[in-house]
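Trainee: Following this message is one structure expressed as structure tokens.
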Amino acid sequence: MADELLDNPFYQVDTYREWVKTEHVPIVEAYAVDCLSQPLEPSQRLGGLGAYIHLVGRGDAVTCYLAEIPPGGSLKREKHLHDKLVYVLSGRGATTVEAPDGRKHSFEWGPGSLFGIPINAWHQHHNGSGSEPTRFAAISDLPLVLNLFHNVDFIFGNEYPFQERVGEDRYFRGQGEFRAVKPGRHQWETNFVPDLTSFELPEWKERGAGGTSRNVQFTLAGSTMHAHISEFGVGTYKKAHRHDAGAHIFCVTGHGYSLLWLEGQNPVGTVRVDWKPGTLYAPPDGPTFHQHFNSASVPSRYLAMSFGGARYFVSNARKKNYENMDKSVKEGGNQIEYEDEDSRILDLYERECALNGVQARMRQIVASRLVAATG
Ligand SMILES: [Fe+2]
């Protein structure tokens, strides 16, 4: 019965899914993807090579387009009525943005750059090297807007000028404005972050990792997309937490693994994703707990992008997510405190650190939390 309904043209029409088939590039369906080695194919619409990455945990609003520009090449100029954030994986290049007031803004990027395209502004990406290809991932809310309006021309051929989304000139030069809110919710407002690997981050003690946890939210090109970067230190792991689907997570520096499980399941025996720079994955849904472990001899950083950022309200569910993200599940929140976690998590972590020649720092931290909780 369910399969018959899927082919019915009057039932649950998915305009995004129909449209993406007309792109004639690979559609990769996976739990996790190595974006640096993922095979891509030529894109007639955009130029260069590409593939759509449909992660199991991508949710309803967000998709990932993986693009490669050949040496000396450019993608085609385009504009669209959806927000788009770009994370550069390899190579060097430049992007030109044409504001509705006629001014052109160009900026040069490299591995670890992150930028937002102002909604509906003409833009074009160029490879800056004559010998090396460049690769980037574009995370957008195209599924949401295509399914909302179910009209492709409205999204790709709209003339409305969103001048206010262009922001200040200096936002294209890598400058920005720090908006202090609260640890875990502090924001950096800009259009362009030249290098996520060295961007200075404020502390976020509530997320654990022995006080090494650091984090900032990005507001890019005034969009409603979520983007944040987190760092945690050598020999540490973060607290387990859960939230809605859609968070596309890229390892930026270091390496490690994440565990994913449902309440009642064995946290170390259910799903494990090993990550290194270039790995992309997404926790699948609201009930799934996930926890990130650094097994590298350097601090690990990851970038998460999704729909519904810290700045602009999009739904009560997203708002609640921000409120509950560092509150214990015992208090109605979405985080498991160290003193409440399954002891197999720490045992596995120490084995992984030993394999990597790293000194694990967590046993003392977890023990002190246990003493505080029971004493
Ligand atoms: Fe998460």
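Trainee: If neighbour count is taken as other Cβ atoms inside 10 Å, put Ile155, Ile27 in order from fewest to most.
Mentor: With the sparsest Cβ surroundings first, the list reads Ile27, Ile155.
Trainee: Another question about this same structure. Find the all-direction average of the projected area of the Cα convex hull for segment 1-57, expressing the result in square nanometres with one decimal place.
Mentor: 5.1 nm²
Trainee: Please report how many Lys pairs in the chain have alpha carbons closer than 18 angstrom, counting only residues at least 8 apart along the chain or sitting on separate chains.
Mentor: Lysine pairs, 8 or more places apart or on different chains, close enough: 17.
Trainee: Full-extension gain between Phe10 and Lys104, please, as 0.36 nm times their residue separation minus the C-alpha to C-alpha distance.
Mentor: 29.4 nm
Trainee: Highest first, please rank the peptides 156-167, 241-252 by the mean number of other Cβ atoms sitting within 10 Å of their residues.
Mentor: Descending mean neighbour count gives 241-252, 156-167.
Trainee: Give the share of C-alpha pairs in each 5 angstrom bin for segment 77-170, from 0 to the last occupied bin, in whole percents, shortest bins first.
Mentor: 3, 13, 22, 22, 19, 13, 7, 1, 0
Trainee: If you split all Cα-Cα distances of the chain into 20 Å bins from zero, what percentages do you get per bin, shortest first?
Mentor: Per 20 Å bin, starting at zero, the Cα-Cα P(r) for the chain comes out as 28, 57, 14, 0 percent.
Trainee: Using a Gaussian network model of the chain whose springs link C-alpha atoms within less than 10 Å, name the residue from Thr270, Thr236, Thr190 with the highest mean-square fluctuation.
Mentor: Thr270
Trainee: Quick one: what does P(r) look like for segment 238-325 with 5 Å bins over all Cα pairs, in whole %?
Mentor: Values per bin, smallest distances first: 3, 14, 23, 24, 19, 13, 5, 1.
Trainee: Going by how many other beta carbons lie within 10 Å of each one, how would you line up Met305, Met362, Met225, fewest first?
Mentor: If I rank by nearby Cβ atoms, fewest first, I get Met362, Met225, Met305.
Trainee: Once the principal axes of the Cα atoms of segment 148-224 are found, what is the range along each, listed largest first in whole angstroms?
Mentor: Projected onto its principal axes, the Cα set of segment 148-224 covers 51, 30, 22 Å.
Trainee: In angstroms, what radius of gyration and Dmax does segment 106-257 have, counting Cα atoms only?
Mentor: Spelled out, the Cα radius of gyration and Dmax of segment 106-257 are 17.3, 52 Å.
Values in this text are rule-based calculations from the coordinates and carry no lab data. None of the values given here were measured: they were computed from a predicted structure. Here Cβ is always computed from backbone atoms with ideal geometry, including for glycine, and neighbour counts include all displayed protein chains.
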